[in-house]
Amino acid sequence: MAGFPSPADDYLAGPLDLNAHLIKHPAATFLMRAAGDSMRAAGIHQGDILVVDRSLEPSSGRIVIAAVDGQLTAKRLQIIHNEWRLLSDNDAEEPITVDQNTGIEIWGVVTTVIHSL
């Protein structure tokens, strides 16, 4: 065989399994599509696929999927002195303050965003 070896040969390590790279807890992970532009500054765009892990503990600064009064939303969780707020990464939207009158359920923590170029 004549010619030079391909530079890509250095990177061949077997098949690439995206599940192994993107999903750490398969039984607790689901995918969902992003809607709207409230998290655009965080790199989440309309139609992106979000990898959401239900096994992770929601913590301040993480992006979570929350059901707020029955409506699903992706927001950055802020916890200060046991007060929870859901922040968008869009200055046009007001934060959602979680209190005893707010029906909220955290569905999981966003671990990865997949979007087309």
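Taken over the range 49-67, the criterion of being within 19 Å of Asn82 (Cα to Cα) and among the charged types (D, E, K, R) is satisfied by Glu57, Arg62. Among the residues of the range 30-57, the one identified as open to solvent by 90 Å² or more (accessible area, probe 1.4 Å) and in contact with a helix residue (DSSP H, G or I) (Cβ under 8 Å, 6 or more places away or on another chain) is Arg54.
Within the range 70-113, work out how many residues are closer than 28 Å to Ile23 by Cβ, exposed (fewer than 13 other Cβ atoms within 10 Å of the Cβ) and aliphatic (A, V, I, L, M). Of the residues in that region, 1 qualify. Filtering Ala27, Ala67 for residues that are surrounded by fewer than 18 Cβ atoms within 10 Å (Cβ to Cβ), touching a residue at least 40 places away in the same chain (Cβ under 8 Å) and over 12 Å from the mean Cα position of the chain (by Cα) leaves a single hit, Ala67.
The values are calculated or read from the model by the stated rules, or taken from the named source; none is laboratory data. All figures in this text were calculated on a predicted structure; none of them were measured in a lab. So basically every Cβ, Gly included, is an ideal-geometry build from the backbone, and we count neighbours across all protein chains shown. Surface areas here come from the heavy atoms of the whole protein model, side chains and all, with no ligands, DNA or RNA. Shrake-Rupley method; radii C 1.70, N 1.55, O 1.52, S 1.80 Å.
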